[in-house]
Amino acid sequence: MNPAVPVQRKRATMVELVERTKLSPMVGKLLLLLAERDRLVLLPDLLAAYRDRLLDHLKIVRAEVTTAVPLAADRVSAVERALAHVTGREVVLETRVNPAIVGGVVARVGSTVYDASITTQLEKIKKTLTEGAS
């Protein structure tokens, strides 16, 4: 992906790679085309888009859950089941820990965020109280 490497060398490397591996002809042609046009930098984006399309086709959704403390395995399974019920799809769950949310849980499924964190609840209370005082 280095711009200092000439396009001909990139293409030759890609030809050798395609010949050594058992890639489908379509993928091989795509890699050669990207090398010829000096667009190999697009590979990570293409991979991410393909992965998203494949998961969508398989009816799998990726979710991220953030909590203030690490969740026990049974709680992770319970959250996974709840999100699967809500989305109607199989859920691949990634957990994160962020002590700044104080407590509760923040779940992100695709572009949808379910925020049940203590921090957000406190912010809502603060907003209500300050609006009521005005």
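Taking first residues from the range 13-28 that are within 19 Å of M1 (Cβ to Cβ) and partners that are of a type outside the set (A, V, I, L, M, F, W, C) and in a helix (DSSP H, G or I), the Cβ contacts under 6 Å between residues at least 6 apart in sequence or on separate chains come to V18/G28. Suppose we keep only residues that are surrounded by fewer than 14 Cβ atoms within 10 Å (Cβ to Cβ) and part of a strand (DSSP E or B) within the range 104-130. Which one would you say is modelled with the lowest pLDDT? Looking at residues that are surrounded by fewer than 14 Cβ atoms within 10 Å (Cβ to Cβ) and part of a strand (DSSP E or B), I get A116.
Residue-wise test of (1) touching an Asp or Glu at 6+ places or on another chain (Cβ under 7 Å); (2) surrounded by 11 or more Cβ atoms within 10 Å (Cβ to Cβ); (3) not hydrophobic (A, V, I, L, M, F, W, C).
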site: Q8; (1), (2), (3): no, no, yes
site: R11; (1), (2), (3): yes, yes, yes
site: V27; (1), (2), (3): no, yes, no
site: A48; (1), (2), (3): no, no, no
site: K59; (1), (2), (3): yes, no, yes
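Scan the range 82-98 and give yes if some residue there is surrounded by 13 or more Cβ atoms within 10 Å (Cβ to Cβ) and in a loop (DSSP other than H, G, I, E, B), otherwise no. Yes, some residue in the range 82-98 is surrounded by 13 or more Cβ atoms within 10 Å (Cβ to Cβ) and in a loop (DSSP other than H, G, I, E, B). Given the criteria of a type in the set (K, R) and either at pLDDT 95 or above or in a helix (DSSP H, G or I) (or both), does R62 qualify? When the stated conditions are applied, R62 does not pass them.
The values are calculated or read from the model by the stated rules, or taken from the named source; none is laboratory data. Being a predicted model, the structure only gives us computed values, none of them experimental. Positions of Cβ are generated from backbone atoms using ideal geometry, with glycine treated the same way; all protein chains shown enter the neighbour counts.
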